[in-house]
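Reviewing the structure listed below.
Please treat every number below as a calculation from the coordinates, not as lab data. All of these numbers come straight from a predicted model, not from anything done at the bench. Cβ: placed from backbone, ideal geometry, glycine included. Neighbour counts: every protein chain shown.
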Amino acid sequence: MLDTVLQPDLIVICDPAKIELKGCVGAPDLVVEILSPSTATRDVKDKYFIYETYGVKEYWIVQPEDKTVTIHTLTPEGKFQPHKMRTIGENLESPLFPGLTVDLDETFKTQVWEQEPEYGKELVRIW
C-alpha cells in the first residue's frame, strides 16, 4: 500500500525492481527538485524531510533564480548532509554517482525564443 506519493522534478532509480506501473515503489536513489516561487517552501522543507525519512541517497535543490544547486547526501545515520552550494562558473559533481558532472554554466544558460500563443506573439525566457 502506498502511503506517501510525491512528484519530484527528476529522479534516478537504480533498482529496476522498484519501478512499477504506478511509479517508483520505495525511495529513488537521486531526487532533483527545481524550485519555483509556488513550490519552494514545500520542496526545501516538507519534501526534504520526507526524502530524508524514506532514505533518498542524494537530493539536489536547484534554485534557478539564484543559479545555484545544493546537494544533500544521506549519512549512515539517516540524515542529510549538505555539500557546498555550487553556482555558475563551477561544475557540480555527484557524490553518489562518480563521473556524473554537471556544467552549471550550461545548465543555467538563458535560452530565448519566440512562441506564438493563441492571443498573439510573446517572448518566453527559460533557464
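Can you list the lysines whose alpha carbon sits under 29 Å from that of K45, skipping same-chain ones fewer than 8 residues off?
List returned: K18, K22, K57, K67, K79, K84, K109.
Measuring from label point to label point, each 7 Å out along Cα→Cβ, what is the I88 to F49 span in nm?
The two pseudo-label positions are separated by 3.5 nm.
Counting pairwise Cα distances across the range 10-90, what percent come out greater than 18 angstrom?
Details: 1420 of 3240 pairs.
Cα-Cα pairs of the range 10-90 separated by over 18 Å account for 44 percent.
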